[in-house]
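The values are calculated or read from the model by the stated rules, or taken from the named source; none is laboratory data. These numbers come from a predicted model, not from an experiment. With ideal geometry, Cβ positions are generated from the backbone for all residues, glycine too; neighbour counts draw on all protein chains shown. Surface accessibility is based on the protein's heavy atoms, side chains included, excluding ligands, DNA and RNA. Shrake-Rupley method; radii C 1.70, N 1.55, O 1.52, S 1.80 Å.
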Amino acid sequence: MIIMSVDLGKARTGIAISDNGESFAFPKTVINEYNTQKLITKIIDCAKEYSAELIVVGLPKNMDGSEGERAEECREIGLEIANQSGIEVVMWDERCTTVSAHTALNFTDTRGKKRKAVVDAVAAVIILEDYLKFRKNNA
């Protein structure tokens with residue numbers, strides 16, 4: 001099954017997809033959109049383009065596990081994606097994924113504008129890798 005992950009951001013949203021065997025996660029794109037409805041439409045378009053059968057949306061929990069205002073916004077967006085696309089959406093804890101993405105980009109010495117352009121897609125890859133590990137261990 002091809003699974004797509006979404007790292008929602010206020011300005012940039014990262015998209016990653018898995019292979020059909022659910023073994024690998026690949027960064028695909030970063031959507032630059034501030035308007036929530038337009039963003040939802042673009043996410044659904046990506047899901048259709050990549051033939052995603054499941055969408056994993058990052059849920060930004062606080063470090064203590066509680067959920068704040070941004071987590072609620074992400075839940076609402078995830079619900080809208082599911083309602084408008086007909087594709088199942090799973091919310092997935094994304095604590096520290098952006099920090100991990102920056103760490104990964106430090107190893108590749110990716111800096112400046114290039115870093116800004118890819119960090120959200122790399123965060124989406126980390127979300128998807130975590131979810132794929134969970135599926136594999138709980139199958």
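Worth pointing out:
- Whole-number accessible area per residue in Å² for region 1-70, which is evaluated in the context of all protein chains at 1.4 Å: 50
- One decimal place: the segment I87-K136 gains 15.6 nm when fully extended, by the rule 0.36 nm per residue minus the C-alpha distance.
- Subtracting the Cα-Cα distance of K38 and M1 from their residue separation scaled by 0.36 nm leaves 10.7 nm.
- To put it simply, the accessible area of region 1-98 at a 1.4 Å probe is 48 percent carbon and sulfur.
- Amide H contacts under 5 Å for D93: L59, restricted to partners 5 or more places along the chain or on a different chain, H placed in the peptide plane at 1.01 Å from N.
- Within straight-line cross-link reach of K133, aspartates and glutamates at Cα separation under 12 Å, skipping those fewer than 8 residues along the same chain: E22
- Among the trypsin sites (Lys or Arg not before Pro) in region 1-73, those placed in a DSSP loop whose Cβ has at most 15 other Cβ atoms within 10 Å are K10.
- Taking amide H atoms as placed 1.01 Å from N in the peptide plane, the amide H of I17 lies under 5 Å from those of S5, F26, K28, each 5 or more residues away in sequence or on another chain.
- The phi-based Karplus calculation (6.51 cos²θ - 1.76 cosθ + 1.60; θ = phi - 60°) puts the 3J(HN,Hα) values of region 69-84 at 4, 5, 4, 4, 4, 5, 4, 5, 5, x, 5, 5, 4, 4, 5, 7 Hz, whole numbers, x for Gly and Pro.
- Taking amide H as placed 1.01 Å from N in the peptide plane, E88 has its amide H under 5 Å from the amide H of I55, each at least 5 places away in sequence or on another chain.
- Per the Debye formula on identical point scatterers at the alpha carbon atoms of region 39-90, with no solvent, log10 I(q)/I(0) at q = 0.13, 0.28, 0.30 Å⁻¹ is -0.32, -1.04, -1.14.
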